[in-house]
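Read through the structure below, which is laid out as structure tokens, and then see the notes.
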Amino acid sequence: MFDPMLWGPLTGTLSLVAAGMASEVGKSAWESAGALARRVTGRAVPAPRDAAEREQLARELAEAAARDPRHASAVRAWIGSSPQGATVTRTPRELPPSVRFFTDRRELLRELAREAGRKSDGRPRVALLHGAAGMGTSALAAHYGHSNEKAFPDGQLYVDLCGQGGTGAALAPAAAARILLGQLGVAAAQMPPATEDRTALLRELIGSRRLLVVLDHAATAAQVRPLITAAPYAFTVVVARERLAQLDAVPLSVGPLVERDAVRLLTELTDRQTVAGAAAVLPAVLERCGGSPFALRALAPRLSEPDLALSGAGREPVDYAVEAGTSGLDATALRVFRLMALWEWPGFGPAVAAHTAEIEEARAADALAELAARGLLLTTDDGRYRYRAAVRARAEREAAAEDGVVACAAALARTVRWYLEFAVRADRAALPQRWWLGPLYTSLDAGPRTRLGEAVAALIAERRNLVQATLAAAQSGDAESARQLGEAQWAVQLKAGATDELLPALRAAARAAGALYPGTRIEGRACTQLGNALVELGQHQEAERQLRLAEEAEAADGHRRGRATALECLGLLRLSQWNWDEAYALFERADEELAQLAEGDEGFEDAPRGRALLLRHRGRALRGLGRFDEAARFLSGALVFFEETQKEAYNAARTLTDLGEVHLEAEDLAAALPLLDRALRILGEENASPHADRVRRLRERCLSAG
């Protein structure tokens, strides 16, 4: 027998709390769920790993509530104080701008409208636009969306899946789902860590909304399938180079413009007199451009040249477009064009281009602006630059031919070095209190970003480039740079809420560290960082393996500080699994390592703070065990350190929240309320809105119980 009125809300709340475990607030709420489960069932309860296990736990809790009114009251109070579900908070308008002088494609536009307006029958409304590079597939999707904005009053979502390059830059479904959820207004703290939970939330939020979803530059059907919804009014447009045979979609081939429309586009881009004056070369121009809008746009500015040369018959239109676009460029711009194409950078600016090409930053800025003006580079939303995949491939071939293999390798190494030095400086400014191993942390100057907020923002903006720099270093055999880049992404790992994007780089860094420094603190550090990421993403089995490897490497190297960190991370993993006893034991072992550090030992200065954090962690574990008096003692010790010794406001607020919740669960409301009030004041000053929202709900629970 169980209470059906509680089972549904319990199941939903457990799912919501599990989905938010990537954030600090989510972790705390999940631990509260585990403490409740142990208290209500009267036994140790392992944390549920999936939806089926969450439903089973909800049933057990509902049954216990039906037997005991006190349990029923505790369950209802927990539901009321738990984080609320994610909701759509904005109407997204995320499509990139359409192009001026859009030409032809009338039948394709009609086919798109036909699929978008098809009667709902349970099948997703999906169209696949596919065509060769430069044929305007992405432009067609954007033009359709802007032309039919009224058909999608709830908004237009867009994500570039980056699937047309060759350096591993393609977005995984989890990362793409996070971007789409963010466009709907879902906060990072509410972002589920697992791909299945993210895509389920995406389908839920799209629901009955009239939305257009454009998935641009798809690589495979597997990449886009998790992002497609059968919602009755949603329409998804997938853009790809090839037809994706395994994707259940209406395939629409985007072919060359017919001659009439190609001439019309040239006329709109120039004027009638220019096109008429080029009559002698126009047939050759049209043949070389092959109906490619990109090639026609690249060639249009040169139509009026009296000595227009038309070489290279039989090549791809994009090659001809690049030849036309680079005609007349100075040597500096050509060098930048070639050398920045040696890897697929999501978006780069003048500083890194100058370092790569070994020129002044002002000259690099002029070169990039000129390349963009000629259509050889695209500009990103934040004012940086990137290549079309086909243009980058052509520029990379030119670099190999013009500069040679050795010079290209050196140029790529310079690019990687720029990103490494940038990351180290910014990471050091973002987390000045943490310890590090990379030699650049002590040898580099402060750099331009010394303020914490500015450094974090810069790291978040560059995170995808940092991932690519790590992969470039690893692939080119520069394992030392790869492992240092991994370490330098610690702050962005903590702050960006994009762990899924960072995971390929963290894996590469751990492999590099293991190859160069097996059984040392360097390998231990890399494995700890990777293990933390895997814990956050819910990949517990692999996380356990990495953290155990880290602990062994740190122990073998006699590095007590690093071993303590690995043990602490293993303890945090146990907290997330509701294994309170083992978590407590691991935190005890970590504290023993720090307690043995003597003055002059590496890490001695950091030990008091580390031990205060371990006091807090042990208090959390004891709370899960229902040992409230002991939990309060440990948490009070941590609070004294963070409030009076270290004066760390945010850690003080976290500890106050933990302590308030311990007293709340022990039904000591008089002790709980002032602690929660103090936490709320600090969080308001720190602008920590998600955490403050949780404390407000705990405070309301305290008031209602009184």
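The table for this structure:
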item	result
Whole-number D in µm² s⁻¹ for region 4-81, Kirkwood Cα-pair radius fed into Stokes-Einstein, 25 °C, 0.890 mPa s	200 µm²/s
Of the DSSP H helices in the chain, those whose Cα atoms cover at least 30 Å axially and whose Kyte score averages -0.5 or more	405-430
Distance histogram in 5 Å bins (all Cα pairs of region 331-403, percent per bin)	3, 19, 32, 29, 14, 2, 0
Spatial separation of Cα centroids for region 172-209 and region 232-283, in angstrom	33 Å
Shape parameters for region 259-326, alpha-carbon atoms, Rg then Dmax in Å	10.5, 28
Region 106-253 - Rg over Rh from alpha carbon coordinates, Kirkwood radius	0.94
Amide H partners (placed H, <5 Å) of Val213, local residues excluded	Leu157, Phe235, Thr236, Val237
Stokes-Einstein diffusion coefficient of the chain, Kirkwood radius over Cα pairs, 10 °C, 1.306 mPa s, in µm²/s	57 µm²/s
Neighbour-limited loop hits for trypsin sites (Lys or Arg not before Pro), region 640-689 (at most 13 other Cβ within 10 Å; DSSP other than H, G, I, E, B)	Lys647
Alpha carbon convex hull of region 184-234, volume per residue in cubic angstrom	93 Å³
Selected from Pro674, Ala621, Ser98, residue furthest toward positive end of dipole (the chain; charges at beta carbon)	Ser98
Added length on full extension, which subtracts the Cα-Cα distance from 0.36 nm per residue, Asp581 to Ala113	162.5 nm
Spacing of the two label points (7 Å from each Cα toward its C-beta) at Ser147 and Ala670, in nm	7.4 nm
Cα gyration tensor shape for region 627-706, rounded if a/c is under 1.5, else prolate or oblate	oblate
Alpha carbon centroid spacing (whole Å) that separates region 33-101 from region 436-464	37 Å
Distance histogram in 10 Å bins (all Cα pairs of region 263-378, percent per bin)	13, 41, 28, 16, 2
Rg(Cα) / (2.2 N^0.38 Å) computed for region 41-114, rounded to two decimals	2.25
For region 627-706, size of Cβ-based charge dipole, Lys and Arg +1, Asp and Glu -1, in debye	180 debye
Signed unit charges on C-beta, dipole axis of the chain, positive-most listed residue Thr89, Ala543, Thr450	Thr89
Alpha carbon centroid spacing (whole Å) that separates region 625-663 from region 677-706	15 Å
All Cα pairs of region 168-316, percent lying beyond 25 Å	50 percent
Per-residue [θ]222 nm for the chain (sum of -39500 (n - 2.57) over DSSP H runs n ≥ 4, rounded to 500)	-19500 deg cm²/dmol
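Read the figures in this text as sums done on the coordinates, not as results from a lab. Since the model is a prediction, treat every value here as computed from it, not as a measurement. Quick reminder, even Gly has a Cβ in these numbers, built from the backbone with ideal geometry, and neighbours come from all protein chains shown.
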